[in-house]
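Enquirer: First, the structure itself, so that you have it in front of you.
The values are calculated or read from the model by the stated rules, or taken from the named source; none is laboratory data. Keep in mind it's a predicted model, so treat the numbers as computed, not measured. All Cβ positions, glycine included, derive from the backbone under ideal geometry; neighbour counts span all protein chains shown. Just so you know, the surface numbers come from the protein's heavy atoms only, side chains and all, with ligands and any DNA or RNA stripped out. Shrake-Rupley method; radii C 1.70, N 1.55, O 1.52, S 1.80 Å.
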Amino acid sequence: MYSKSIVIALALCGYATAQDFGVPLSWRKFSNTRPLNERISIAQAAINAILPQLNSATAEFNGIGFWQSGNVWSVLANQDRIAGSTVNQARVIANLNTAFRLNANYDKFQVCPPSLKPLHALMCHNEVQRRRYVVGNGRDTWNHVSNFVITPAQASAGRHPAKSFTLAGTCDGKSMAGGVFWRPTADDQGVNSVTTGLYLTLSAFLAEITGDQKYTNAAIQSANWMRSLNINSKNLALDTVNAHDCSRSPDSWIFTYNSGKLIEGLGVLSHVTGDNQWDTLMANVLIASTKGAPWQGSNGVITEGSSPNSNNDGVGFKSVLIRGLHEAFERSSNNDLRILVHSYVDVQYNALLDLAANGSTYSSSWAGPPQGFTTWGQLAALDVMTSAINAN
Ligand SMILES: *[C@@H]1O[C@H](CO)[C@@H](O)[C@H](O)[C@H]1NC(C)=O
């Protein structure tokens, strides 16, 4: 018995040191002293600066695309929740109603990610609004996207009802169950991390709000797909697996939002289930994303999606990482993890304010220099500003 408990103690020590939440001292300015009311007004001023670009007829913003616009609505809802205000609520609700009226399930381009995009806005307002959206748009969107999830039975049968090709039931010896096709198109074979991570996250939110086990099961199934098939040896999310021939996107396709969405979904799933395995996985991906990722140098400032002169999809990816880290921060009781996220958010916050700001507008290049307003630069900054309200 004695020697057994020593072995267990050593194993626990090994486990503890494997998860190193220490803040790298090479990071640039990982704290700040701005008071709460100033942080709230900086974030709201950043939101106010993007609003002139809103086209209320479409609920989209001039200068950015459809799914980037969905991210703006998420921030507005989070801003109200975190600041404890209702400043943005009427605008969020009116525009989501418009977007869902014009595009069934928020699906404009037959691509699943946009339909899942406004989920934060759906989930974040007060309880009455949450209920209303969850039993309406949130659940409808979940039902829609569920048609493009691979079930265990479909994986075994090698067929998917929405697809015209033979399905690879396993890749690398692991079941493809839980993966989500990123396009509904019958001949599109790609299953990717962002779609699966978004579905995992929406499922976990729905599980939390409704208590319905079917959402928990869906979240677990997609979390298992990510863990067994689309995370690299450094604990960062990869991009795409082909569900017909198991070919993969290049190893170099490592993007902030893939890991960010996974962190967010696992953070909520861990909270809903109380199952430690999801917390461990979430922490591993979170540590890798903040300290071992290719999207930043030793000063910690994110350089991915720096694009002063033109918009592209990648510009807004980093805001999805920040939102995911922030969600994990809010739900975690691990103080070391919370300090790491707080520090990482402050590195980005201080970089934006010191190096990339022009008044209340921000360049998509967070290391600077400042420039004139661009809608995409503004979009990318919003989650940092809002997250910094209570990550400090
Ligand atoms: C700040 O923004 C204004 C308005 O967009 C622009 O005219 C000006 O050149 C910008 N300043 C810098 C330093 O980029």
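Enquirer: Give me a comma-separated list of calculated 3J(HN,Hα) values for the stretch 271-280, in order, Karplus coefficients 6.51, -1.76, 1.60 applied at θ = phi - 60°, integers in Hz, x for any Gly or Pro.
Expert: Whole-Hz 3J(HN,Hα) from phi for the stretch 271-280: 5, 5, 8, x, 8, 4, 4, 6, 5, 5.
Enquirer: OK, next. Using amide H atoms built 1.01 Å from N in the peptide plane, name the residues 5+ places from M176, or on other chains, whose amide H lies under 5 Å from its own.
Expert: The answer is T170, C171.
Enquirer: Quick one: Cα centre-to-centre distance for the stretch 147-208 and the stretch 314-392, in angstrom?
Expert: For the stretch 147-208 versus the stretch 314-392, the Cα centre distance is 31 Å.
Enquirer: Lys and Arg at +1, Asp and Glu at -1: add these up for the other residues within a Cβ distance under 14 Å of F21 and post the number.
Expert: Residues close to F21 contribute a combined charge of -1.
Enquirer: Now a separate question. Using the heavy atoms of the protein chains alone and a 1.4 angstrom probe, what is the accessible area of the chain per residue in square angstrom?
Expert: That works out to 37 Å² per residue.
Enquirer: Another one. What does the C-alpha gyration tensor say about the overall shape of the stretch 188-306? Classify as rounded when a/c is under 1.5, otherwise prolate if a/b is larger than b/c, or oblate.
Expert: Judged from the Cα gyration tensor, the stretch 188-306 comes out oblate (a/c at least 1.5, b/c at or above a/b).
Enquirer: A further question follows. Gain in length, T185 to D212, computed as 0.36 nm per residue apart minus the alpha-carbon separation, to one decimal in nm?
Expert: Gain in length upon complete extension: 6.8 nm.
Enquirer: Under Stokes-Einstein, with the Kirkwood radius over Cα pairs standing in for Rh, what whole-number D in µm²/s applies to the chain at 37 °C and 0.692 mPa s?
Expert: Rounded, D is 155 µm²/s.
Enquirer: Which order do you get for E208, E327 if you rank them by accessible area with a 1.4 Å probe, largest at the top?
Expert: E208, E327
Enquirer: How far is the Cα center of the stretch 28-45 from the Cα center of the stretch 57-84, in Å?
Expert: Taking the Cα centre of the stretch 57-84 as reference, the centre of the stretch 28-45 is 20 Å away.
Enquirer: At a 1.4 Å probe radius, carbon and sulfur cover how many percent of the accessible area of the chain?
Expert: Accessible surface attributable to carbon and sulfur in the chain totals 53 percent.
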